[in-house]
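FYI, it's all coordinate maths here, none of it is from the lab. Note that the structure is a prediction, hence the values are computed from the model and not measured. Every residue, glycine as well, gets a Cβ built from its backbone with ideal geometry; the counts of neighbours run over all protein chains shown.
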Amino acid sequence: MGEAIGEVLPLAIGVSLSPIPIVGVVLMLGTPRARVNGPAFLLGWIVGMAAVGTVVLLISGGVDVSSGGQPSDGVSVAKLAIGLLLLGVARRQWRGRPRGGEEAALPEWMQAVDHFRAPRAAGLGLLLSAVNPKNLLLVVAAAAAIAGTGAPADEQAVAFAIFVVLGTIGPAAPVAAYFAMGERSKHLLDELRVWMSQNNAAIMSVICLLIAAKLIGDAIGGF
């Protein structure tokens with residue numbers, strides 16, 4: 001299981017530091033329903049990752065994902081494909097970053113968070129973790145990497161659960177700060193929101209580039 005956890009640590013960090021979900025949850029914490037919507041968002045976030053990972057692990061359980069203790073060629077091909085896709089994402093994010101003091105473009109749904117109730121907040125968390133292309137690629141890559149270790153099913157499940165916990169730290173941190181500090185957290189969270197909003201493209205570009213390099217390197221080593 002140690003090998004599986006080691007495989008997914010960089011991917012979990014990439015998911016955890018994704019700026020848009022963090023900005024989204026910070027915005028929710030500035031609304032009258034913060035005490036309900038913040039935890040609801042995190043619940044949806046966790047369910048989304050768990051659902052994607054479960055599907056990938058179940059599919060992998062029906063095929064030969066390892067050979068002689070090493071990942072099969074199929075796993076290496078999957079890692080290579082995801083790595084190349086992440087390279088494309090990194091390039092697009094970098095080209096689209098704000099320049100010359102211009103404001104970063106943010107999703108339209110962020111303007112409507114004041115009107116969110118718990119089900120919609122949970123749905124947004126699920127969408128951002130399981131449907132958002134950047135996070136989806138990272139979650140699929142993590143599940144595929146765990147399956148590629150050939151560990152028993154129960155150990156794979158534990159390794160993926162650890163991945164989910166680590167991948168939730170980023171959006172959970174503002175919620176924890178809100179409940180721990182109350183109104184005193186407002187200034188800190190506002191600064192975090194502004195910085196991550198403005199630097200979203202650059203952050204995601206670097207994260208995707210580093211993880212793409214790891215996945216492509218793993219794939220080449222697995223052939």
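Give the order of Thr168, Thr149, Thr31, Thr54 when sorted by the count of other beta carbons within 10 angstrom, beginning with the fewest.
Values: Thr168 21, Thr149 24, Thr31 16, Thr54 13.
By the 10 Å Cβ count, ascending, the order reads Thr54, Thr31, Thr168, Thr149.
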For the chain, with equal point scatterers placed on the C-alpha atoms only and solvent neglected, what are the log10 I(q)/I(0) values from the Debye formula at q = 0.09, 0.14, 0.17, 0.18 1/Å, to two decimals? -0.38, -0.85, -1.14, -1.23
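Could you calculate the contour length gain from Val158 to Leu106, that is, 0.36 nm times the residue separation minus the distance between their Cα atoms, to one decimal place in nm?
Numbers: separation 52, 0.36 × 52 = 18.72 nm, distance 3.52 nm.
Answer, rounded to one decimal: 15.2 nm.
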Residues Ala118 and Leu210, FRET efficiency given R0 of 35 Å [Cβ-Cβ distance, rounded to 0.05]: 0.50
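Suppose the chain between Leu58 and Asn132 were pulled fully straight at 0.36 nm per residue; how much longer would it get relative to their current alpha carbon spacing? Show your work: numbers first, answer last.
Details: separation 74, 0.36 × 74 = 26.64 nm, distance 2.13 nm.
Extending this stretch completely gives an extra 24.5 nm.
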Could you tell me the center-to-center distance, by alpha carbons, between the stretch 128-165 and the stretch 172-214 in angstrom? 22 Å
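Within the chain, which whole H helices from DSSP have a Cα span along their axis of at least 27 Å and a mean Kyte-Doolittle hydropathy of 0.5 or more, if any?
Details: long enough: 34-61 (40 Å, 1.54); 73-95 (33 Å, 0.62); 153-181 (40 Å, 1.37); 185-222 (48 Å, 0.74).
Helix filter hits for the chain: 34-61, 73-95, 153-181, 185-222.
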Would you order Ile20, Ile146, Ile59 from fewest to most other beta-carbon atoms within 10 Å of each residue's own beta-carbon? Ile59, Ile20, Ile146
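Provide the net charge surrounding Leu43, with neighbours chosen by a C-beta distance below 14 Å and charges set as Lys +1, Arg +1, Asp -1, Glu -1.
Overall, the nearby charge balance is +3.
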Positive-end residue, the stretch 2-222 charge dipole about Cα centroid, Cβ charges, pick of Thr31, Leu124, Leu84: Thr31
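When only DSSP loop residues count, what GluC sites (Glu not before Pro) in the stretch 70-140 have their Cβ near at most 16 other Cβ atoms within 10 Å?
Details: sites: Glu102, Glu103, Glu108; in loops: Glu102, Glu103.
Loop-located and lightly packed - Glu102, Glu103.
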Taking every alpha carbon pair in the stretch 116-163 and sorting the distances into 5 angstrom bins from 0 up to the bin holding the longest one, the percent per bin comes out as 5, 21, 20, 17, 15, 12, 5, 3, 1
Among 176-188, 5-17, the order from most to least packed when residues are scored by Cβ within 10 Å on average: 5-17, 176-188
As a footprinting exposure proxy, order Ser129, Ser18, Ser205 by other Cβ within 10 Å, with the fewest listed first. Ser205, Ser18, Ser129
So which residue, out of Leu57, Leu192, Leu136, gets the largest mean-square fluctuation from a GNM of the chain using Cα contacts under 10 Å as springs? Leu192
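Grab the Cα-Cα distance for Val194 and Arg35, subtract it from 0.36 nm times how many residues apart they are, and report the gain in nm with one decimal.
On the way: separation 159, 0.36 × 159 = 57.24 nm, distance 2.14 nm.
Contour length minus the Cα-Cα distance gives 55.1 nm.
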